[in-house]
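See structure below.
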Amino acid sequence: MPTTPAIRIDGLRSRYGDFEAVSEVSFEVREGELFALLGTNGAGKTTTLEIIEGFRAAHAGTVRVLGHDPYRERRAVRPSMGIMLQEGGLFADLTVAETLDHWRGFVPDPRGRDETLGLVGLRDRAGVRARQLSGGQKRRLDLAIALLGRPRVLFLDEPTTGMDPEARRATWEVVRDLVAGGTTVLLTTHYLEEAEQLADRLAIMHRGRIEVAGTVGEVVAGHGDRITFHVPDGLGVAELPALHGTAATISVAGGRPLATYALGAAGLQAELYELLRWADERRIGLEGLQARSASLEDVFLRTAGGATR
Ligand SMILES: Nc1ncnc2c1ncn2[C@@H]1O[C@H](COP(=O)(O)OP(=O)(O)OP(=O)(O)O)[C@@H](O)[C@H]1O
């Protein structure tokens, strides 16, 4: 049975003066799913998020969070929302415990302080002042503040920026547990691996519009396969073969030229066979040879380059 989406955006537009930062954006976030909003710099993610959070009015279109207009019916919906601000809630001289105590005062029936610190792995930092925390620990304290009200809908704006890989993975576990417990999450991130790890569905924005949306599988489908290898020493780029008519593009990886074939319809097996036969006949070893499906990063880079338009 279809349920009402937790977030529904339809035909959203937003302008700064004459400049349209968000143009006709529509998407839904279902109750209990994690939806990732990705995009190039300046794509309009923050503007979209601020409108959904109720901080900014839309110029056109409809926005509903749990069935309410988050700007006009703020009081009805705000208690159900958790917003992870970018260090907005931290006071340099308050300890971690004092920071949470301060914010607990604004939330009806808040989550316990120790429980919240335990959730984000900051229990052993309770007595440390905010200004003495590392960048990643500050982000975890921002997350703790957002979780105090046991939100039904949680907004995470680049939640793991500044975290080391271990802290990032620990935060992903926290977020996974929240989603497993029924929390709806809208995430923005520049880390594509984060979206691949966490998102049930995602959208990629570019220049104010959503260019592609769906599950990771749906988004990468139709973007073909990739074959890559290091261009052998002494071989000119012009000497590389075209595989079923597709020429290699050259980038630099590890200080060496890397050949990439973005393949289409012929299929990976046939094109790989053609390449290996070519190399065999010339007794050339293909170092670092990889054959794989398109990744989210491939789709993102194509979107950023305008290739999907
Ligand atoms: N207050 C403002 N006044 C004028 N233009 C703005 C303002 N805020 C944002 N913009 C412009 O609107 C566009 C969208 O900005 P937004 O911050 O929403 O993008 P973003 O996707 O969050 O970018 P990033 O990933 O770089 O944070 C950009 O071109 C930006 O320069």
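Rule-based calculations on the coordinates, nothing more; no lab input. Nothing here was measured: the structure is a model prediction, and the numbers come from that model. Cβ: placed from backbone, ideal geometry, glycine included. Neighbour counts: every protein chain shown.
Residue-normalised convex hull volume from the C-alpha trace of the range 33-173: 124 Å³ per residue. Taking each residue as 0.36 nm, the span from S134 to A221 lengthens on full extension beyond its C-alpha to C-alpha distance by 27.4 nm.
Among W172, W103, a tally of other beta-carbon atoms within 10 Å of each Cβ gives an order, fewest to most, of W172, W103.
The residue list M81, T116, G127 was ranked by how far each Cα lies along the charge dipole of the range 63-176 toward its positive end, using unit charges on Cβ atoms, and M81 comes out on top. Between T183, P165, I210, the Cα set farthest toward the positive side of the dipole of the range 110-221 (charges on each charged residue's Cβ, about the Cα centre) is that of T183. Ranking of Y191, Y273, Y16, Y261 by neighbouring Cβ atoms within 10 Å, starting from the fewest: Y16, Y273, Y191, Y261. For the range 152-208, pairs of C-alpha atoms spaced more than 18 angstrom apart make up 30 percent of the total. The mean sequence distance of close C-alpha pairs (under 8 Å, at least 6 residues apart), as a share of the length of the range 153-208, puts its relative contact order at 47 percent.
Between the Cα long axis of helix 165-180 and the first principal axis of the chain there is an angle of about 60°, rounded to the nearest 10. The charge dipole of the range 48-177, taken about the Cα centre with unit charges on the Cβ atoms of Lys, Arg (+1) and Asp, Glu (-1), comes to about 220 debye, rounded to the nearest 20. Counting only alpha carbon atoms, the long axis of helix 135-147 and the longest principal axis of the chain meet at about 50°. Both radii come from the Cα set of the chain: Rg as radius of gyration, Rh as Kirkwood radius; their ratio Rg/Rh reads 1.07. Rounded to the nearest 20, the size of the Cβ-charge dipole of the chain about its Cα centre is 780 debye, with Lys and Arg at +1 and Asp and Glu at -1. Net charge in the neighbourhood of P257 (other residues with Cβ under 14 Å of its Cβ; Lys, Arg +1, Asp, Glu -1) is -2.
If you model the range 177-291 as an ellipsoid using its alpha carbon gyration tensor, with each semi-axis the square root of five times an eigenvalue, the axes come out at 37, 15, 14 Å, biggest first.
Dipole size of the range 6-100 about its Cα centre, with +1 on Lys/Arg Cβ and -1 on Asp/Glu Cβ: approximately 300 debye, rounded to the nearest 20. GNM, the chain, Cα, under 10 Å: largest mean-square fluctuation among P79, P165, P110? In this elastic network of the chain, the residue with the biggest mean-square fluctuation among P79, P165, P110 is P165. Each principal axis of the Cα cloud of the range 225-293 was taken in turn, and the coordinate range along them, longest first, works out to 31, 24, 19 Å.
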